[in-house]
Every structure is written in C-alpha cells, then in structure tokens.
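Below is one structure, written out as structure tokens; comments come after it.
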Amino acid sequence: MNKIITFDSVGKKYGQKTVLSNISFSIYEQDIIGLLGPSGIGKTTILKLISGLEKPTSGKIFVSSKKISYVFQEPRLFPWKTAIENILLPLMVSGHSKKEAMNIAKHYLDSMGLSEFMDYYPAKLSGGMRQRVSLARALSLCPDILLLDEPFSALDSKRKGSLVELLAKSIEEYPMVVLYVSHFPEEAKKIANKIHTLSSKDKLVESNL
Amino acid sequence: MNRQQVLTAIGFMLLLSGWQILAMNMHQILLASPIQAITSLWEMLHTPYFYDNFLISIKRISLGIIFGGFSGFVFGTIAGINQNIKYLLDPLRWLIMSMPSVIIVVLAMLWFGMGSTMAVFMIAVITAPVVYVNTVKGIEAVDKELIEVAKIYKFPFFTRIKNLYTPAIAGPLSAAIVMITCQGARIAVMAELLGANEGIGYAVGITRSNLEIPQLFAWILTTLFIVAIFEFVLFRPIQNYFMRWQR
Ligand SMILES: Nc1ncnc2c1ncn2[C@@H]1O[C@H](COP(=O)(O)OP(=O)(O)OP(=O)(O)O)[C@@H](O)[C@H]1O
Ligand SMILES: [Mg+2]
C-alpha cells in the first residue's frame, strides 16, 4: 500500500513549550484513522502539521497529496458569504467553472439537508447547520486527505449520529484518507478502520480495528 | 420614525433655534439668522456664480478624497498584511498626522501655486493617513481562523484581498470614509480661502471682505449640504450594502 502521510521523528514546540517530540507513524491509502487522546495533548497540532499550517520544529513530514480539506473544531465560515457562496469559493479557486461549482455545491448542500438554506448568511444558521456547511465545503472538493477535528463536538448526540453516518457514506462513495480527531473512542470507531492514540507527547499507539 | 430619528430631529431643531436666538441677540454684521441665510442661499441659487464655485469645490473634494482614500487603502492593506512595511511607513504617517494643516497649505501653495492641484493635494495628504490607519487596524483584526481557511483552500493573493480582507475591513473603512468626507470639505474650503481664485472657500473670502454676512452663511450651509450629500446619499447606502451580512 502507498504511504500517503509519514511522520519521521517529528517534534513540535510552540515557543519554549514542547508539544510533540519524536513522533513517527505512517498513514496509508484508504486509511481512516480515528485520532484519540486527552485534551491538550497535541491532536490538533498533528492536523496542523499535516496540513502545513504549522511547521515541525524537528524531524520530517511527508505528505503525498496537496488536495487536503480541513474541518476545524469550529465551522469557520466567511460571515459575509452565504452558505452556498462559502462552498463555491474554494471550488472556483480549485479550478471549477462557475456552473460546475454551482452544481457541486448544490449537491453537497442537498446531501447535508441544507438546500433550503443555501442563501442564508452564517449568522442566520444554527451552530449545527454551520458545521454541516463546513463539512460540505470540505467534501465538495473531493480531497485526497480529509482532516476532521472534532467536527461534531458542538452538536447534540442525535444530530451527531446522523452526521457521522452521512460522513461514512461520503467516504465510501469517494475514497480518501481520513483523520478523525475525537475524544470518544466509540464515535471514532464508527467511521475509522484504524485507531491512533496519542497518549503522551512522545507516544502514539497504533491499533487496527 | 424610531427613537433615534426623533431625537436627532429634536437635536437639529434645537440647533436651529439656538442659532436663531443667537442671531436675534447679536449684531447682524456678526451673525446672520437662519432665515436670512436661507433667503440669501435661495437668491444665490439663481446665479451662475454659485454653480461655478460650488461645482469646482465638489470636484476638488471628490478628487482629493479619491486620491487620499485610495492611497490610504492600498498602503494600509500592504502595511496591515506586512508588519515590516508598517514599521517603515510609521514615521511618515506620524509626520503627516502631526503636521498642522495650515503648514500643509503653505507648503502646497509653495509647490503647486494657487488653484485646484494645491487643494486636491492637500485634501489627499490629510485624508490618506486616516484611511491608512483604519485599514491597518481592520486588517490586523481579521480573524486568524479565517486566514487559516484561506491557506488550506489555497486562495491566491487577490482572492484573499477580495473575499477576506476587504469584507473584513468594510466596517472600519466605511467609518473612515465618512470621516474623511467631512474632513475633505473643511480642508477644501480652507485651502480655497487661502490659495484659490475659485471655489466655495474663495467665495467665502469675498463675502467676508465685502461684509456680506447672509451670503457668508449661505456658503456655510452649502458646505454642510455637500457633506450631507456625500455622507447620506453616497456612502451610507454603500455601507449598508457591504454590511448586509450582519443584519
Ligand atoms: N499557537 C499555539 N501557541 C502556543 N501553544 C499552543 C498553540 N497551539 C496549541 N498550543 C498548546 O499545545 C498543546 C496541544 O494543543 P492542541 O490544540 O494540539 O491539543 P488537542 O489535543 O487538540 O486538545 P483538544 O482536545 O482540547 O482540542 C496545548 O497545551 C496548547 O496549549
Ligand atoms: Mg484540538
């Protein structure tokens, strides 16, 4: 199997504070990783390193694809753009024509059950709706790597369950490498086929399901 | 009418009555009454002299705030994104903002002589730092989290300017633009009074030397009218349009 992401003795400091040290692991094609670990241990930092938002202080990171989508812990929509415009913009930046982008964006909003709300500004949407728009934005780009940082933590458990299912379906339809950060092993196991647990700043435990 | 409109209208009436009362108690060589000023303005409206001076001032104010606003915006955007450039530009910003405007008029007259170039230059120089400072502040306050989104989805430079920075600073920027309009009109009149042969400021100078007090106040009303047009007819609707996502 092809390696998609490799961490080779990676260390990360913020100023004087060491968050990660000597972390090594590989992620392969079709891996769907549930990334677990206690709060403040460095899970978000690992996603930021993979996405290139942060650079490692030591060691090396290889990422084979540049097509990365990232759903943050917060929805992070552009408040001055409507739901559909938030999805259209990255699509058009990535080279789709306006018309193509429109069709794709509508399809994904529809799959999130949001077609009625496509012309709403984020301020008019509920927290859960915003996070679904954010997820639609990430999926619509058909990324090779999808980074999900506790994407549903702000939602009630019923909503969460249906979105997890929706996500699982999308990944089935369009295979990609997924890193799913969560506090809850049961939730991660619903989607993941492997679990990585960051138990201390220099210890990442891998297990297959 | 809502509470704000009612109170603003009352404040306006109080101002007018205050003016009327003051005028009744002062010699008419010092202060014209509102009625005299408005009558005189009405008479002036029938003369080409009014329109010649009115239009040239409008032209100078518009050009001045366009140049000043645009350069303040461009430099402010660059300095807001790049801190090194902000530090480099800071002494210049300080110099212009601390320089008394009378000195800028004197220098502008020395460099450009009398007339439009001088007035436009002055307005531009004095308004640019206001827009600059507000733009820098606005850009520095742009949500770091949205900047990360723009990085993840690889927005090119101009896409970021258009879809991230510009909307984010629309609020502080439109406040700055309203501010520089008032400022621009005030500077234009002063510059014209001191160094031009046409325009409202020039006409004000004439009324003063001829002691035509009602005409003087008619020109004052004209200046306020110009600012009101810029602010309420031009900029408020633009502001409302750009800030529509907040409502
Ligand atoms: N930009 C930063 N500057 C300084 N310290 C930071 C920065 N980002 C994160 N940290 C610190 O790094 C550590 C790891 O943070 P990180 O966000 O990766 O944790 P996490 O595992 O995602 O936690 P949570 O589950 O609560 O989201 C924390 O102690 C945090 O305080
Ligand atoms: Mg985190």
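Give the Debye-formula value of log10 I(q)/I(0) at each listed q (0.21, 0.23 Å⁻¹), with one equal scatterer per alpha carbon of the stretch A:161-207, two decimals each. With one equal scatterer per Cα and no solvent, log10 I(q)/I(0) is -0.76, -0.87. The B-A contact accounts for roughly 2000 square angstrom of buried accessible surface, both chains included, probe 1.4 angstrom. On a per residue basis, the stretch B:143-247 carries 50 Å² of accessible surface, using protein heavy atoms and a 1.4 Å probe. Solvent-accessible surface (1.4 Å probe) assigned to A:Val164 amounts to roughly 10 Å².
Keeping the other protein chains in place, figure out the carbon and sulfur percent of the accessible area of the stretch A:99-209, with a 1.4 Å probe. Ligands and nucleic acids excluded, carbon and sulfur give 51 percent. Which net charge results when you count Lys and Arg as +1 and Asp and Glu as -1 among the other residues whose beta-carbon is under 12 Å from that of B:Gln36? Its environment carries a net charge of -2.
Accessible surface for A:Ile68 stands near 20 Å², nearest 10, in the context of the full protein assembly shown (1.4 Å probe). Distance from the Cα centre of the stretch A:14-56 to that of the stretch A:166-209, in angstrom? If we compute the Cα centre of each part, the gap is 13 Å.
Among complete DSSP H helices in chain B, those whose alpha-carbon atoms stretch at least 27 Å along the helix's long axis and whose mean Kyte-Doolittle hydropathy reaches 1.0 are B:48-81, B:116-140, B:166-195. Ordered by 1.4 Å accessible area with all protein chains kept, B:Ile126, B:Ile180, B:Ile85 run largest first as B:Ile85, B:Ile126, B:Ile180. The amide H of A:Tyr70, built 1.01 Å from its N in the peptide plane, has A:Leu147 as neighbours under 5 Å, considering only residues 5 or more places off or on other chains. Entry note: chain A has Rg to Rh equal to 0.97, where both radii use alpha-carbon atoms and Rh is the Kirkwood radius.
When a 1.4 Å probe is rolled over the protein heavy atoms, the share of accessible surface on the stretch B:34-246 that falls to carbon and sulfur comes to 72 percent.
Cross-link partners for A:Lys169 among the lysines, with Cα-Cα distance under 25 Å and sequence neighbours closer than 8 places in the same chain left out: A:Lys3, A:Lys43, A:Lys66, A:Lys67, A:Lys106, A:Lys158, A:Lys160, A:Lys189, A:Lys190, A:Lys194. For the stretch B:168-234 and the stretch B:13-49, what is the separation of their C-alpha centers, rounded to whole Å? A separation of 17 Å, based on Cα centres. Estimated at the nearest 10 Å², the accessible area of B:Phe157 is 120 Å² with a 1.4 Å probe. In chain B, the calculated helix contribution to ellipticity at 222 nm averages -26500 deg cm²/dmol per residue, counting -39,500 (n - 2.57) for every DSSP H run with n ≥ 4.
The values are calculated or read from the model by the stated rules, or taken from the named source; none is laboratory data. On a predicted model such as this, the values are computed, not experimentally measured, just so you know. Methodologically, a virtual Cβ is constructed for each residue, glycine included, from the backbone with ideal geometry; neighbour enumeration extends over all protein chains shown. Surface accessibility is based on the protein's heavy atoms, side chains included, excluding ligands, DNA and RNA. Shrake-Rupley method; radii C 1.70, N 1.55, O 1.52, S 1.80 Å.
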